[in-house]
1. Under the classification rounded if a/c is under 1.5, otherwise prolate if a/b is larger than b/c and oblate if not, where does region B:30-161 fall, given a ≥ b ≥ c as square roots of the Cα gyration tensor eigenvalues?
2. Let a ≥ b ≥ c be the square roots of the eigenvalues of the Cα gyration tensor of region B:205-264; is it rounded (a/c under 1.5), or, if not, prolate (a/b larger than b/c) or oblate?
3. What average number of partner chain Cβ atoms lie no more than 10 Å from the Cβ of the residues making up B:336-346?
4. Can you compute the helix-only [θ] at 222 nm over chain B? Use -39500 (n - 2.57) per DSSP H run of at least 4 residues, normalise by all residues, nearest 500 deg cm²/dmol.
5. Between B:HIS357 and B:SER298, take the C-beta separation as r, use R0 = 35 Å, and let me know the FRET efficiency to the nearest 0.05.
6. Helix check for chain B. Which DSSP H runs span at least 15 Å along their own axis by Cα, with a mean Kyte-Doolittle hydropathy no less than 0.5?
7. Expressed as a whole number of Å, what is the distance separating the alpha-carbon centroids of region B:328-389 and region B:68-116?
8. What residues qualify as long-range amide H neighbours of B:GLN115, i.e. H under 5 Å apart, gap of 5 or more or another chain, H built at 1.01 Å from N?
Amino acid sequence: MQPNQKSFSKLSAAMLLTVPLSLPVFADDVTINRMLASQCSQCHGTNGYAVGDIDSLAGESVREIQEELREMQSEGSPDDMMDHQALGYTDDQIRRIAEYFAGLPENSATDTPEIHLSASDASSDGNHDEDDERDEDDERDEDRDHDKDWGEDRDEDDEKDEED
Amino acid sequence: MSISRRNLLRVATSVAAMSAVGKLHSQTAHKVVVVGGGFAGSTFARYLSLWGGGKFSITMIDPREGHSSCVMSNLVLTNELSLSQLTFDHQSLADRFGFNTVMASVAGIDTDGHQVNLDDGSSLPYDSLVLATGIEFEDIPGYDASLVPHAWIAGTQTEQLQSQLNSELPPGGTVVMTVPKAPYRCPPGPYERACLLAAIAQRITNDAGGTGVHGTPRVVVLDANSHIQAEEATFTAAFNGLYGGVIEYVADAELVSVDSENRSVVTTAGSYSSDVLNVIPNHRAPALLRNAGLTAGSAWAPVDPVTYETRVAGLSDIYVIGDAQATGQPKSAHMANAQAKVCADAVMRKQAGLSTHSAERLANVTTNSACFSPVNFTEAAWLTAVFRYNLAADAMELVPNSLGASDGWDRESYREMYTWASNLFSDTFV
């Protein structure tokens, strides 16, 4: 129990040091922000690493996420799913969500398998045999190789490895 | 890299690290037993493994090898998807995240002894028990699901209805379906199904020469409720416009009995015969929960909406997430996933001796719902909402203005539906 609480307070101290523009009176409990932000993951992927053609939130800046959500909130006649979702959160909740995702590296360091469901698969045996999974992994690796931010992300991942 | 970034990374425990840590179950690890490997149970086990810091020994019990998703399963009926594409193996998830699985049915819960008894006579002790069982159906006189599929718990039932539609629905034929009394799982689901049954019936008729030869097919929707329960404008427009002359919607038609051999039903609004019959009986929490006293004599299990721990006096360390609980939030896969994360945080916190009811946490307990409903083979509608904890009411409440639905249906939403499902499945099952 002790180490856990200790690391929470360490986190809180870190937040105070590095987020001066949105400094809360009391530092956030980061695990609460994590719980709140995880509610985005049904659509935006675990820890904000989305599958397919939907925004990944991990590694976006705090300002980016806040501005996007505020813009959606101010749509006169909300006609998009996210316009309505954005109206579900307070300014403070949006700040917490933004800070949580901004604190994550833009690319996941881990190799979490993803499910890519598509109608064209209907005639196959499904997406769970090993060959299919390998094909999907290869495709993803290819995507990463072509990502112009690859170098930057690699650096972050390396730093994380050192940290661990 | 800033200090906060490093520390946040430490909190954002990687999947790979967790599968290693999760294997190191010490004798003193907090034992968590999860009953059910659907959207609620799988998400819970997955997220407690991610967030639990290796302090938990998690065992997920399910009678099946994998979970077949109800989400998207109406597209198995249309032959667009196969059930195997929607079936997710429990053991692969458990191996990746470092928890245990047991393939068994739970016969009973020994709430005093803090253990669950399995159907093979063995038992599993728990420090925390998470019940993610989903629903069971109320008994209907004459109803035999092996003859008349409900296809409302996905799996062989889905394939059975698909097979009946493919081989036993004649051109110009009649499908009858029943809509259960609310609350039931997936509020727009029955109406989405009605649309797709109509599309299938039209396709069969058109492929065989059209309505001029065979007459117009019929889909009779017998709703136990007084009106359409979700996306009413959308589905009213679909029933009257897109499927005008095909879908016949009957409100206040409560199911009385079923003749399963002859595929006919008796309801409070009359009797109906069909070529293919799809009966979805009313729902309730499974007998496992009712027998353990967890429903307090009602249909669903009352829980604290910020932890999902039972509110039944005298019972402790038992949590109910997903469709079987009574918080009044919509019963859906997306919501089950949402609730599982709130519950995982609560279990993590309680084990660590941290408050689950601090002002800061109560102000940030939210869940949300988002879903897409295909209305034909190429177009879909959507529905979304956010829920938050209201301290005064001690309940989850819909956030004003967050409730939204599409204006009709379109092709873009159909494409987005696949992306949504891919992400929801990925955040739950792999």
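Any read-out appearing in this document is the output of simple, stated calculations on the displayed coordinates, not a laboratory observation. On a predicted model such as this, the values are computed, not experimentally measured, just so you know. Neighbour counts run over all protein chains shown; Cβ positions are idealised from the backbone, glycine included.
1. Because a/c hits 1.5 or more and a/b fails to exceed b/c, region B:30-161 counts as oblate.
2. Since a/c reaches 1.5 but b/c is at least a/b, the shape of region B:205-264 is classed as oblate.
3. Averaged over the peptide's residues, the number is 3.
4. Calculated mean residue ellipticity at 222 nm is -9000 deg cm²/dmol.
5. Result of the calculation: an efficiency of 0.90.
6. B:39-51
7. Taking the Cα centre of each part, region B:68-116 and region B:328-389 sit 19 Å apart.
8. B:ASP110, B:TYR126
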